[in-house]
Every structure is written in C-alpha cells, then in structure tokens.
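Q: Have a look at this one before I ask anything.
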Amino acid sequence: MQKSDAISTINRPLHLTHCAQPVTTTLTIIRPDDWHLHVRDGEALSSVIPHTAQRFARAIIMPNLAPPVTTTELASAYRQRIIRAIPPNMHFKPLMTLYLTDQTTPAEIKRAHNSGLIYACKLYPAGATTHSESGVTRIDAIYPALEAMQAHQLPLLVHGEVVDPDIDVFDREQVFIERILAPLHQRYPQLRIVFEHITTRAAVDFVLSCNDKLGATITPQHLLYNRNALFHGGLRPHFYCLPVLKRETHRQALLEAAISGNPKFFLGTDSAPHGKHQKESACGCAGIYSAHAGIEFYAEAFDAAGSLDKLETFASLNGARFYGLAVNTDTITLEKQDWTVPAEYPLGNSALVPLRAGDNVHWRCIT
Ligand code: DOR
Ligand code: ZN
C-alpha cells in the first residue's frame, strides 16, 4: 500500500524522494531559522539549545529573563553564555534582542545597532506574560526609542495583547491591534515590526492590510491546535501559552496565511521551556516547549494542508528576507515517519514536559 498520498500535491518534486520498499517520503529544504525562541539561562541552556541547533541555523532569542536583557552589555554577556551551551559539533547563531522598558533611551538603541549583535527589540506590555513586569506601561513612553529604531532599521518585535483586565482573554490580541498596533504602524510606517505569534483571523487580516514593513510569526501550536486542546478530558496545562490558543476558525486562518507563501508570514516557534512543576500547578506558567520537534511540527501542519511545497518558503526564506539577512546555504532533510516524544526532557536540574509528550510526531528530522 502506498503511504505517500501527500506527495501528489507537491509542486516541486525535485525536493521529495521516494525510497524503494518500504515507501517513505522525504523532504529536503534549505535549513530553517527560528524567528522567536526562549532558551532561558544557566543550567537550562545546555538542556534546550541542542534541540534548536540540530534543526535551525539561527534563532531570535527572546530577552524576557529575570532580570530582563535591557542593554547591549547584558545581551552580549547572555550571548556568550548561549554560545558556550552549543554542542561542539553544531553550528548555531543566536540573534540577540533587547527588552524595551519605559526607560529605554535612543542612546541604548544606537549602542545596540552599532554592536552588530542585536537584531531587534521586544515590546512586552507590562503584565502581559512571563517576566513582563518590567515591560512597557504606556506606548508613548517608548516613542523616543522607536524613533531611533526606525532610523537604525532595528525591527520592533511585539507581544500583541492588551493587559486591561476588563478585556476577555480571547479578545486581547484583536483589541491590541485596534488600540496599539494599528496606530503605531501609522505613526511609524517605516519601522519594521514583527507581530509575534499571531493567533486570530483579525491578526492575519491586519498583517495583510499593512505595508511590507510589517510581518508576523506563527507558532506550531497555533497551526496544529485550537482551544479545545486546553480542556480535552480535563485541564491540560501543557497546552497553555500566551496568547492562548483560539477557536478553530482562527487556526484555519493562520494555516491559510502560513501556506500562502506570502513573505509577511514566517516561522517562530515561541518554544518556551518551563519546569514541569511550574506548569502543573494551581497557577501554571504560560509556555509550550516545541524545540525538540521545532521543524517537524510545521511539516505536520503543512502536510495535513497538502502544502509541503510551501514549507521552505515559510521556514527558511521569508524570515531571513524580512530581517534583511542571507538565506542559509545548507539543507535539512525530513522523513515522514512516526516517532514517540519522551514523556519528559531534562531542564537543568528539573524536567520539562514537551509538546506531544508520550505521543507520536509524524515527521522526523534525519540530517
Ligand atoms: O506562552 C508564552 N510563554 N508566551 C509568552 O509570551 C512568553 C513565554 C515564556 O517566556 O514562557
Ligand atoms: Zn515568546
């Protein structure tokens, strides 16, 4: 029996190989990059970085440590700690970011730009998510920093949710677009903005309505799951992330955007490790760990949509082009074959529960 029906929809058969019995499907793409990643610090680094470095050439490293990475000096030291955690046989380039606060100065932005190590600055609305306490309390507080970023062409990465407790948690992204992001894009039309981890049809439509300076990342969990996953047979803390999973119509809108080939949409896993006990708690942390199958999950989503031929564009081309960086020159090969994700991975002295723990992933990265 043929196991390879997905390939009938592939436009670029050159990249796909069928081996002799047993039939397997493989897909070779330019090595991807992860444009949104949390790797934490200390002992955790060497637990999580090999997963990303096996698959991705580069990753945009989120600065929400405690205390946050607010200066070029802190980012440079953090970068060194990350580099020390890369296994000797792997090549991986961390692309550092700064955490914006109400106090971030244009001089700090200039230092960041001149360092050549900082690739973007992250806007966390204060109180929106993990370690966002030092984030921005009023958008006008960062206007001077944003003007400097626009001048130096340093992209702004946005956690796009309002924190107003009166707003329903499922509406926070849409209200953020109306109140903050649309006016911000109008005010700074030349500022490059990445609307991170979009989760709604409203976000897709907004991104499409903007000029080419505004793009968006999409996570694997928001392509593969809807909010039912949070409550499947009971409360499922390992499906809790921010922005929270939305209803199925939104997942479909995200999938359409991802497989469209539109250069505004690109890969950002938002893999966010937390200790098992921080997640399995009366007040569990937000974050889903996906780095162990960071490209494989996307292959699943694109395969299910009959669009494996669009994976390379989304995963390996669009992000690099948006950031004005060269596309990677080597490749990875994925094979369509089930493998079982372990129940846990180490996280420093603790353990984390990865996405799909104890269950199968349908694609495997073989090189
Ligand atoms: O789910 C999330 N986890 N969303 C975020 O915005 C932050 C992240 C984390 O750092 O754990
Ligand atoms: Zn994140």
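Q: What order, most packed first, do the peptides 186-192, 267-273 have when packing is the mean number of other Cβ atoms within 10 Å of each residue?
A: Numbers: 186-192: 14.4, 267-273: 27.1.
Going from most to least packed, we get 267-273, 186-192.
Q: Would you calculate the separation in nanometres between label points at Thr367 and Arg84, each defined as 7 Å from the Cα along the Cα-to-beta-carbon direction?
A: Those two pseudo-labels are separated by 3.4 nm.
Q: Using the Karplus curve 6.51 cos²θ - 1.76 cosθ + 1.60 with θ = phi - 60°, work out ³J(HN,Hα) for each residue of the stretch 304-309 in order, rounded to whole Hz, and write x for Gly and Pro.
A: Couplings: 4, 8, x, 10, 4, 5 Hz.
Q: Tally Lys and Arg at +1 and Asp and Glu at -1 over the other residues with C-beta under 14 Å from the C-beta of Leu255: what net charge comes out?
A: On the way: positive: Arg201, Lys246, Arg247, Arg251, Lys310; negative: Glu248, Glu256, Glu300, Asp303.
Around Leu255, the surrounding residues sum to +1.
Q: If you take the beta carbon distance between Ser260 and Leu117 as r and set R0 to 25 Å, what does 1/(1 + (r/R0)^6) give as a FRET efficiency, to the nearest 0.05? Before the final figure, lay out each step's value.
A: Numbers: r = 33 Å, r/R0 = 1.31.
Approximately 0.15, to the nearest 0.05.
Q: With +1 assigned to the C-beta of every Lys and Arg and -1 to the C-beta of every Asp and Glu, and no other charges, what is the dipole magnitude of the stretch 3-365 about the Cα centre in debye, to the nearest 20?
A: It comes to approximately 600 debye.
Q: Now a separate question. Counting pairs on different chains as well as pairs 8 or more places apart, how many Lys pairs in the chain have Cα atoms under 18 Å apart?
A: For the chain, the number of qualifying lysine pairs is 6.
Q: Something else about it: Taking 0.36 nm per intervening residue step and subtracting the Cα-Cα distance, what contour gain separates His152 from Ala229 on full extension?
A: Length gained between His152 and Ala229: 23.5 nm.
Q: If you don't mind, another one. Give me the distance in nm between label points sitting 7 Å out from Cα along the Cα-to-Cβ direction at Asp164 and Gln252, one decimal.
A: Label at Asp164, label at Gln252, 3.0 nm between them.
Q: Per residue, how large is the accessible surface of the stretch 3-365? Use a 1.4 angstrom probe and give square angstrom. Intermediate results must be reported in sequence, preceding the final value.
A: On the way: 14560 Å² over 363 residues.
Ligands and nucleic acids excluded, the result is 40 Å² per residue.
Q: To one decimal place, what Kirkwood hydrodynamic radius in Å is obtained for the chain from all pairs of distinct Cα atoms?
A: 20.7
Q: May I ask you to order 325-337, 26-38, 92-104 by the average number of other C-beta atoms within 10 Å around their residues, highest value first? Don't skip to the answer; put the middle values down first.
A: On the way: 325-337: 15.6, 26-38: 23.6, 92-104: 21.2.
The packing order, highest mean first, is 26-38, 92-104, 325-337.
Q: Counting only helical runs of four or more DSSP H residues, what would the 222 nm mean residue ellipticity of the chain come to if each run contributes -39,500 (n - 2.57) and the total is spread over all its residues? Kindly include the intermediate steps, with their values, before the conclusion.
A: Values: 12 runs with 101 residues, N = 367.
Theoretical 222 nm ellipticity from helices: -7500 deg cm²/dmol.
Q: On the accessible surface of the chain, probed at 1.4 Å, how many percent belong to carbon and sulfur atoms? Display every interim value, and only then the final one.
A: Numbers: 7860 of 15070 Å².
It is 52 percent, rounded to a whole number.
Q: Place +1 on the Cβ of every Lys and Arg and -1 on the Cβ of every Asp and Glu in the stretch 248-299, take the dipole about the Cα centre, and give the residue among Phe297, Ser260, His277 whose Cα lies farthest towards its positive end.
A: The listed residue farthest towards the positive side: His277.
Q: If you don't mind, another one. How do 193-204, 280-291, 228-239 rank on mean C-beta neighbours within 10 Å, highest first? Walk me through the numbers on the way to the answer.
A: On the way: 193-204: 25.2, 280-291: 17.8, 228-239: 13.0.
In descending order of packing, they fall as 193-204, 280-291, 228-239.
The values are calculated or read from the model by the stated rules, or taken from the named source; none is laboratory data. Worth saying up front: this structure is predicted, and the values here are computed from it rather than measured. Neighbour counts are summed over all protein chains in view; Cβ atoms, including those assigned to glycine, are modelled from backbone coordinates with ideal geometry. Just the protein is used for accessible areas: all its heavy atoms, side chains included, with ligands, DNA and RNA removed. Shrake-Rupley method; radii C 1.70, N 1.55, O 1.52, S 1.80 Å.
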